[in-house]
């Protein structure tokens, strides 16, 4: 696969994830959090299940790989969904998008801590700018939105950590498994993880209460965030090193902010503008071509690390 096509897959994946933050916020006005997550993964499993009948899709899908997919679902589907869905209820979709902007810098930091990848002085400055943008956003919202906004941003930050872990470790399984099998596996595991939490809500829920628009949004969210986004991400990251793919996560806040402002009518305040300038400046600094090793060299070193590690130890999104 050409590098440009892999980059396109990663970019589209992150644009879908960011745009669906606002969509999820709208759905949660009429659906409980856990039930929403359960239905999302259930719809995705139904869509992806027929593809699992193909032998080429199931190739190398053994017990060890299944364990790795379950861990990816725990961190990336379960924890990420809990943090982001609760977080956007307490803060705006625009603020959530800005908090998510620090993910590329956090990916670089975790790549250094977990994979031993070197962080250049420029990348250290990018991390500092991202932290400054977060601090500015929280200080301004503390005076404007109160503790609810701060708690919401903190929960979204938990989603950031889950997403960063996913960006670093998901590439390992993508080197051996078909993207369709990975997407089905993480959605099935997500369904099982949310089932105990969602079952009481499903039993007491008035299924006639949500509007037809909400059900349509749920279908769109399931297909875009749980099916297409995963397929695009796994396809792209199989050809791109984790810390390079992490840069594309910076596209999430752009789509989240645009959808929040233009679709939900949220106010774009000065705190959002200042925080976004700092954080997006960090993304630009980290992504600017410099002394970073070539993608092929990074991929070779990451491949060597991955080949010496057990697949089942892999956490992810």
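Just checking, does region 115-132 include any residue being at pLDDT 80 or above, part of a helix (DSSP H, G or I) and surrounded by 23 or more Cβ atoms within 10 Å (Cβ to Cβ)?
no
Criterion first (closer than 23 Å to residue 44 by Cα and either touching a strand residue (DSSP E or B) at 6+ places or on another chain (Cβ under 8 Å) or in contact (Cβ under 8 Å) with a residue 24 or more places away in the chain (or both)) does residue 161 satisfy it?
no
Could you figure out which of (1) at pLDDT 85 or above; (2) touching a helix residue (DSSP H, G or I) at 6+ places or on another chain (Cβ under 7 Å) isn't true of residue 84?
Unmet for residue 84, out of (1) at pLDDT 85 or above; (2) touching a helix residue (DSSP H, G or I) at 6+ places or on another chain (Cβ under 7 Å): (1).
Which residue pairs have Cβ atoms under 7 Å apart, sit 6 or more places apart or on different chains, and have a first residue in region 188-203 that is more than 12 Å from residue 34 (Cβ to Cβ) and a second that is modelled with pLDDT of 95 or more and part of a helix (DSSP H, G or I)?
Matching pairs, first to second residue: 188/45.
Take the conditions at pLDDT 95 or above and surrounded by fewer than 19 Cβ atoms within 10 Å (Cβ to Cβ) and apply them to residue 55. Does it pass?
no
In the list 69, 48, which residue meets the criterion of being under 17 Å from residue 221 (Cα atoms), in a helix (DSSP H, G or I), modelled with pLDDT of 85 or more and in contact with a helix residue (DSSP H, G or I) (Cβ under 6 Å, 6 or more places away or on another chain)?
It is 48.
Just the residues that are closer than 17 Å to residue 21 by Cβ, in a helix (DSSP H, G or I) and at pLDDT 70 or above, please, taken from region 233-257.
Those that are closer than 17 Å to residue 21 by Cβ, in a helix (DSSP H, G or I) and at pLDDT 70 or above: 233, 248, 251, 252, 255, 256.
Quick one: residue 4 ticks every box in (1) surrounded by fewer than 18 Cβ atoms within 10 Å (Cβ to Cβ); (2) modelled with pLDDT of 90 or more except a single one, so which number is it?
It is condition (2) that residue 4 fails.
For (1) surrounded by 24 or more Cβ atoms within 10 Å (Cβ to Cβ); (2) modelled with pLDDT of 85 or more; (3) touching a strand residue (DSSP E or B) at 6+ places or on another chain (Cβ under 6 Å), each residue gets a yes or a no:
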site	(1), (2), (3)
138	no, no, no
148	no, no, no
167	yes, no, no
171	yes, no, no
180	no, yes, no
186	yes, yes, no
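The values are calculated or read from the model by the stated rules, or taken from the named source; none is laboratory data. This one's a predicted model, so the numbers in the text were calculated from it and none came from an experiment. A quick note on method: Cβ atoms are made from the backbone with ideal geometry, for glycine too, and the neighbour counts reach across all protein chains shown.
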